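Only the coordinates and a few stated rules stand behind these numbers; no lab work does. Here the structure is a predicted model, which is why all the values come from computation and not from measurement. Using ideal geometry, Cβ is built from the backbone for each residue, glycine included, and neighbour counts are taken over all protein chains shown.
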Amino acid sequence: MKSTSLQIQILMVTLFSVFAFWGCDEWLTFDKPEVKVKGLQYAIAAGDSSIQAQPFSIQVAALTSEPNAEALVTSLERARFPVFVVTRPGQAVHELLRVRVGPYASEREASRQLLNLREMGYEEAFVKNHVSETEAASEIRTFSAADLPDNQKRLTTGDNCSHPRWSPTGREIAFIRDFEGVKGLYSVGTGGGKLSKIMDRGPSFRLTGEFEWSPDGTKLAFATREMDAKFDAAENLYVVGKDGAGLRRLYRQRGFGFHIKSISWSPDGRHLAFDADDSNGDGFATPIRISQVLEVANAIPLRTGNLDKQQWTAGWASNNTVIFVEKKSGGPREKISYVLKRFEAATGHEARVGATGSIGECVSVRLLPGGLLVFSVLADSQPGAARVVFHRVVSGGSFVLYETLPETGPISPLQVSSEGLVFFAHENQLWLNGVAGQKSIVDMSFPLTDFTVSATGSRLCYVRDGNLFAFKLPDQ
């Protein structure tokens with residue numbers, strides 16, 4: 001085997017998440033003792049005592065180009081950093097080269113070197129822990145949807161169904177149905193059967209697809225796009241009982257202002273948070289997205305925010321505390337990072353609770369139990385690529401759970417269960433990520449673009465050819 005002047009240690013890694021160290025990490029799997037790819041020699045670290053004895057390292061970059069990876073390694077070695085490269089041949093159908101500095105015996109030592117790397121301009125670098133990567137439980141379980149129980153159980157018999165949302169009680173699924181040109185809000189039992197119409201209001205009152213069940217499963221908050229007397233279109237927010245009773249407007253815009261996104265109920269159902277979104281610049285010169293909070297009983301606005309920010313509601317930490325993230329302002333070349341804030345609905349008090357490093361352009365963010373945020377972002381360093389990133393609010397640690405290549409398409413909106421499981425779809429696969437580090441992949445054999453997961457994370461409902469289907473997911 002022909003060798004090159006650049007000798008790089010390579011760890012063959014299968015992507016996996018754990019929460020033992022700042023929320024999540026990657027697992028190592030070991031294969032052949034040596035492999036050669038495109039002129040770079042890969043020395044596999046099975047039984048490598050230095051890796052085992054020094055479990056911490058710093059990931060500097062994830063690259064698709066081997067010449068770029070080699071150039072980065074050379075640059076880091078000239079700066080007197082110890083360097084190795086990690087590949088993930090098992091990630092989807094593509095391979096990324098992850099350039100790492102290390103290894104180090106302690107987290108503190110790695111963190112000191114991380115500061116030096118960031119001073120050199122490597123602001124996306126982050127610390128890794130390899131101890132958890134070598135655990136026996138590291139294998140990703142892969143399933144075919146065709147082999148799962150109750151596969152392809154059809155819940156609806158018509159068509160034009162979309163935007164399913166599983167009830168918190170687990171007994172029914174709400175969804176949008178377009179019937180003879182009128183979009184209505186319907187529900188169906190989890191075993192299928194007769195549809196129940198919750199509400200529709202004709203062509204002048206159109207549902208946008210943004211809606212959310214109340215925590216007790218008795219009501220739904222939903223956004224509409226409707227015409228006023230001057231034929232101006234505006235998006236407004238309503239609440240209605242699941243039986244169609246008690247329809248009431250909670251938020252009204254006069255003329256088009258914002259799109260209503262990311263509706264989120266407080267755990268006791270007394271408050272609603274949502275994002276007023278003009279991030280496409282439809283009505284303003286610069287993109288705007290504002291986290292707003294209101295009291296449900298009296299439709300009283302509690303937080304309206306400033307019209308010069310970009311914010312995303314992450315979720316409720318308690319009955320009165322909502323967490324949101326705010327994009328830091330900066331120049332066009334500045335790396336994208338976020339301030340983490342909390343808003344107290346009872347007092348109106350707002351405070352900063354932390355910040356992220358550079359993680360990329362936020363697409364969505366969700367709050368998990370234990371003060372963990374999970375972001376879906378577009379990567380700064382690789383236009384068109386996407387990432388799922390975990391961030392600890394208290395410790396400030398951020399870790400990449402999943403990365404894509406630009407040509408593979410977007411990641412679906414994130415979904416979380418009451419148990420803290422994280423779900424997302426990419427290409428033809430559904431990824432299930434457990435709190436204790438377990439991970440499963442369900443191969444759907446078709447793009448999964450419109451789906452909902454039950455509150456417990458045990459069942460999936462998805463849309464295909466305008467109808468709803470459901471099946472039981474693998475246990476986590």
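Values computed for the structure shown
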{"item": "In order through the range 176-188: 3J(HN,Hα) via Karplus (6.51 cos²θ - 1.76 cosθ + 1.60), integer Hz, x for Gly, Pro", "result": "9, 10, 9, 10, 6, x, 10, 7, x, 9, 10, 9, 8"}
{"item": "Members of LYS194/LYS219; LYS128/LYS335; LYS183/LYS439 lying beyond 26 Å, as alpha-carbon distances in this model show", "result": "LYS183/LYS439"}
{"item": "Spherically averaged projected area in nm², based on the convex hull that wraps the Cα atoms of the range 298-417", "result": "8.6"}
{"item": "HN-Hα J in Hz across the range 108-118 - Karplus 6.51, -1.76, 1.60, θ = phi - 60°, x for Gly and Pro", "result": "4, 4, 5, 5, 5, 5, 4, 4, 5, 5, 5"}
{"item": "Protection-proxy order for peptides 295-304, 317-326, each taking the mean of Cβ atoms within 10 Å per residue, highest first", "result": "317-326, 295-304"}
{"item": "Under Karplus coefficients 6.51, -1.76 and 1.60, residue-wise ³J(HN,Hα) of the range 160-174 in Hz, glycine/proline x", "result": "6, 9, 7, 6, x, 9, 6, 5, x, 6, x, 9, 8, 10, 8"}
